[in-house]
Amino acid sequence: MPTAADISSDASLIIDVTLLAFLVLTAMAVVVMRHLFSIVMLAGAYSLLSAALFVNLDAVDVAFTEAAVGAGISTVLFLGALLLTVRREKIPRSRQPVLPLLVVLVTGSALMYATYDMPNYGDPATPANSYIGREYMERTPAEIGVPNVVTAVLASYRGYDTLGETAVIFTAGLGVIVILGIGLGVVRRKGDGTP
């Protein structure tokens, strides 16, 4: 008779596979489409699906970042950029898909080759799990009291680093908004609808 842990593990696997399938379908739709507004919306949906997958993998901090940056700010910035361009992608006259396909295949092969000597997922003998990882696992419940160790590390032990990363992302977003705002001002001054 299956235990509750087995049922939970099976349900989590089904959710992971379903989310991964939706991610693949969304990525394929982005590649095929030519309407830029639809591509931006699908890219936002892809980021939300990625965030859901990260939550299911217990990486809540990564999920928050993906949802905020990938689905939130990036989608808004892409929509702002669409105001300055055409709505549909122009199909180039001479298409040579062989070189990009070759680059993708070589890069993908190199990445897959690089994973062969990686340790197994969750292997306790890896350096990350043997030294500092063990320290965090032992000290976090007593010092921080947060059940998710990764969140505790990012929010407490590395709090200043996380604050710095947030400041960098915020500053970059403001810079892009200012640039788009200046571009929109130029469009209004010219009055002909072209940047």
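The values are calculated or read from the model by the stated rules, or taken from the named source; none is laboratory data. Note that the structure is predicted; figures quoted are calculated from it, not measured. Cβ coordinates were reconstructed from backbone atoms using ideal geometry, including for glycine residues, and neighbour counts include every protein chain displayed.
Does region 33-67 hold any residues that are assigned to a helix (DSSP H, G or I), modelled with pLDDT under 85 and aliphatic (A, V, I, L, M), and which are they? Once the filter is applied, which keeps residues that are assigned to a helix (DSSP H, G or I), modelled with pLDDT under 85 and aliphatic (A, V, I, L, M), region 33-67 yields V60, V62.
Quickly run through region 108-157 and pick out the residues that are part of a loop (DSSP other than H, G, I, E, B) and small (G, A, S).
G122, A125, G145
Residues checked against (1) without any contact (Cβ under 8 Å) to a residue 40 or more places away in the chain; (2) in contact with a helix residue (DSSP H, G or I) (Cβ under 6 Å, 6 or more places away or on another chain); (3) closer than 18 Å to D58 by Cβ; (4) of a type in the set (A, V, I, L, M, F, W, C):
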site	(1), (2), (3), (4)
Y116	yes, no, no, no
D123	yes, no, yes, no
S130	yes, no, no, no
A142	yes, no, no, yes
V149	yes, yes, yes, yes
G164	yes, no, no, no
F170	yes, no, no, yes
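When residues of region 126-141 are filtered for being over 28 Å from the mean Cα position of the chain (by Cα) and modelled with pLDDT of 80 or more, how many remain? Talk me through it step by step, then tell me what you get.
Taking region 126-141 and keeping what is over 28 Å from the mean Cα position of the chain (by Cα), we get 130-131, 135, 138-139, 141.
Pick out the ones that are also modelled with pLDDT of 80 or more and you get 135, 138-139, 141.
Result for region 126-141: 4.
Within region 170-180, is even one residue surrounded by 12 or more Cβ atoms within 10 Å (Cβ to Cβ), at pLDDT below 80 and not in a helix (DSSP H, G or I)? No, that holds for no residue.
Go over the candidates L99, L84, L105 one by one and state the one that is outside any helix (DSSP H, G or I), at negative phi, surrounded by fewer than 15 Cβ atoms within 10 Å (Cβ to Cβ) and of a type outside the set (S, T, N, Q). Can you show your working first?
On the way: L99 fails: outside any helix (DSSP H, G or I); L105 fails: outside any helix (DSSP H, G or I).
Unique residue meeting the criteria: L84.
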